[in-house]
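Structure first, commentary second.
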Amino acid sequence: MTVPILRSFVLDTTDARRLAEFYRELLALEYRPGDEPPAPGEDDPKGRDWLVLRPPAGSWQLAFQQTTGVRPTSWPADDVPQQMHLDTQVDSLEELNRQHDRVLALGGTLRLDRSRDPEEPLRVYTDPDGHTFCVFMAG
């Protein structure tokens, strides 16, 4: 039996370039050839349409699709559910705290802090468009 291969995780956004830059910095990803930002002052048609980021040596990709509106999740409230989220992992509590500072500096917002949880320390954030993602410590 064959199955589909997961190729991309796609996020809707009202500013594809801004959100791509957030995740590029956060996860040390690289633009797919041709999707790089233009020189300062030049037009950015791809940044208003569709952009793709990839890890330096990986098979998956994170894509950004321009839309006219995004309803940020209200999670943990149920008004606007998160529906999907990204999980990222670090190896120590020290690194969890370092990444917390990075996420906030990049424009992320803290939604839940379970960094003192003895079984699985983690924090849940939203990106600039309100999509949720977690940073947790490996057990």
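For segment 125-139, enumerate the residues that are aliphatic (A, V, I, L, M), crowded, with 19+ Cβ neighbours inside 10 Å and part of a loop (DSSP other than H, G, I, E, B).
none
Counting only residues that are more than 29 Å from Glu119 (Cβ to Cβ), give me the strands (runs of 3 or more DSSP E) lying completely in segment 32-108 with at least 3 of them. Even if it seems obvious, please write down each step before you answer.
On the way: elements: 50-54, 61-66, 86-90.
In segment 32-108, 50-54, 61-66 are the strands (runs of 3 or more DSSP E) which contain 3 or more residues that are more than 29 Å from Glu119 (Cβ to Cβ).
Which residue is nearest to Leu106 (Cα to Cα), if the candidates are limited to segment 3-62 and must be under 16 Å from the mean Cα position of the chain (by Cα) and hydroxyl-bearing (Ser, Thr, Tyr)?
Filtering segment 3-62 for residues that are under 16 Å from the mean Cα position of the chain (by Cα) and hydroxyl-bearing (Ser, Thr, Tyr), the one nearest to Leu106 (Cα to Cα) comes out as Tyr23.
Across segment 109-124, what is the number of residues that are surrounded by 11 or more Cβ atoms within 10 Å (Cβ to Cβ) and in a loop (DSSP other than H, G, I, E, B)?
Counting residues in segment 109-124 that are surrounded by 11 or more Cβ atoms within 10 Å (Cβ to Cβ) and in a loop (DSSP other than H, G, I, E, B) gives 4.
Filter segment 40-58 for residues that are modelled with pLDDT under 95 and hydrophobic (A, V, I, L, M, F, W, C) and give the result.
Ala57
Taking the conditions exactly as written (in contact (Cβ under 8 Å) with a residue 40 or more places away in the chain, of a type in the set (S, T, N, Q), exposed (fewer than 11 other Cβ atoms within 10 Å of the Cβ) and over 23 Å from Arg123 (Cα atoms)), does Thr68 satisfy them or not? Walk me through it before giving the result.
Values: in contact (Cβ under 8 Å) with a residue 40 or more places away in the chain: yes; of a type in the set (S, T, N, Q): yes; exposed (fewer than 11 other Cβ atoms within 10 Å of the Cβ): yes; over 23 Å from Arg123 (Cα atoms): yes.
Yes: the conditions hold for Thr68.
The values are calculated or read from the model by the stated rules, or taken from the named source; none is laboratory data. These figures come from a predicted structure and were not determined experimentally. Because the Cβ atoms are built from the backbone with ideal geometry, glycine has one as well, and the counts that use them run over all protein chains shown.
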